[in-house]
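This report concerns only the one structure given below.
What follows is calculated from the coordinates using simple rules that are stated; it is not laboratory data. Computed from a predicted structure; not experimentally measured. Backbone-built Cβ (ideal geometry, glycine too); neighbour counts: all protein chains shown.
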Ligand code: ME8
């Protein structure tokens, strides 16, 4: 090997422990997992981080309502989030909790540095506060929102406090420059425009401590000033890498992780964009740290046509997710999230009828069906051994060129986090195999002994194209694709970093044992009355 592989760092938001994991958390984490798996397979040096956000008034209140300590509530729900990571087969490299010493120690140091540089100063705040969002709302915006939370609709509360402030206003110009010089700092475009609007409104300093609750990290030496949860939480992206540790402090974070900073992608939902796209870069500028390359703010899942809400009881929650996994498989659930999810700027409906449609069309009728047709024909006509490639070509099906183009397109789309496009390139190959079978009719060729060579070449090309498609599809559906590899006689190690080599035409060796297996995705006939 020549140069060491390029680091690739991708993060999810860290999730509040006062909520149970649901489709929203699962979605963002699946997006990151698919990108992480693909880039590891491609040979990049990947770090994929997720975790839990455990401080703040919301957690303190939920714990009080339940009659437990905030730490006990955090422990219980962090364990639940970790259980879900295993249930959904996520390959995160670490799980950070903001109550861990490795995190709090570094946050305290950052705050000390920011006080010393004058970026954090003591002042007086009076204004409107959104308790659900833990966010101060400027007077003009509070008025526009009729003094209600833009997110929860609950009334804003009036707050008067002695607070420490972060000097956000000082970073106005540098943020404007950043947005101009790095047009893809915030994606998608519609979200970037929203942030440009916030910049045009002008930035004001942000209070970053509270005295009204105690569950959080205090300003060093001043117990009553508890850090605003966002300053604490955003820091996780660098504390997990040990960026705030001194050389030699190797017991809290494994050494060498600093190489992953800056992040390639902070993937988040659109409701927390301001913190990530304006406050966080300003904080990093104040700390003299490099900025992340892209904040990717996806839109929301809604449920069966309506916003998900506790009062409607229509949350796609864990039992519902488990139901989909039981009926369709985990990989089918991941496929639906990845190919249909709201990575763009509009919300997406999670509807059972749509799920079944996508399952049957992409997975049962296309991927599963194509693979079993080809494997069955090789079983029947060539005793289950991959035939010789031969020189037979059909116009319109230049397979080396078709597969190369699909591989290049998938790699390029993945790098841009365009997951559905990447998967579309891979599945497109499978659809081309189907068209190729329709055009060449191997089952008819098989009846004519003189067409033996042609038959061999056709089935080789089908199997080889499916093998290459499968390598691209693994990141989204690892379990099913490993099953497909067993059928195609492939012994592939997706941690070996050799995706490009594996995608080179001709990798399937003649004589490889090709074996029938269980149907990858049996067709689903819905029997539930709700789907009538
Ligand atoms: O905001 N559709 O945590 P959180 C898609 N702790 N994604 C959704 C969603 C939906 N309907 N609902 C939630 C916090 N999400 C802070 C983050 S980061 C430094 C601190 C996802 O538990 C989406 O990723 O409220 C959103 O950003 C995240 O859950 C919010 O999780």
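Here are some notes:
- Multiplying the residue separation of residue 72 and residue 3 by 0.36 nm and subtracting their alpha-carbon distance yields 20.2 nm.
- For the stretch 157-297, relative contact order (Cα pairs under 8 Å, six or more residues apart, normalised by length) works out to 28 percent.
- Extension gain (nm, one decimal) between residue 86 and residue 124, 0.36 nm per residue minus Cα-Cα: 9.1 nm
- Sorted by Cβ neighbour density within 10 Å, fewest at the top, the residues 383, 264, 93: 383, 93, 264
- Gyration tensor (alpha-carbon) shape descriptor, the stretch 256-375, a/c threshold 1.5: oblate
- From its DSSP helices (H runs of at least four residues, each -39,500 (n - 2.57)), the chain gives a residue-normalised ellipticity at 222 nm of -13500 deg cm²/dmol.
- For 380, 480, order by how many other beta-carbon atoms lie within 10 Å, fewest first: 380, 480
- Cα centroid of the stretch 148-176 to Cα centroid of the stretch 359-434, whole Å: 52
- Computed on the chain, with alpha-carbon pairs under 8 angstrom and 6+ residues apart, the relative contact order is 16 percent.
- Length gained when the stretch residue 144-residue 116 is fully extended (0.36 nm per residue, less Cα-Cα span): 6.4 nm
- Over the stretch 29-152, relative contact order from alpha-carbon pairs under 8 Å, at least 6 apart, %: 23
- Neighbour-count ranking [beta-carbon atoms within 10 angstrom, fewest first] of 378, 278: 278, 378
- Those residues of the stretch 139-164 whose amide nitrogen sits under 14 Å from the label point placed on residue 194, 7 Å along Cα→Cβ: 150-152
- Projected label points at residue 434 and residue 327, each 7 Å from Cα along the beta carbon direction, are separated by 2.2 nanometres.
- The chain shape via C-alpha gyration tensor axes, a/c threshold 1.5: prolate
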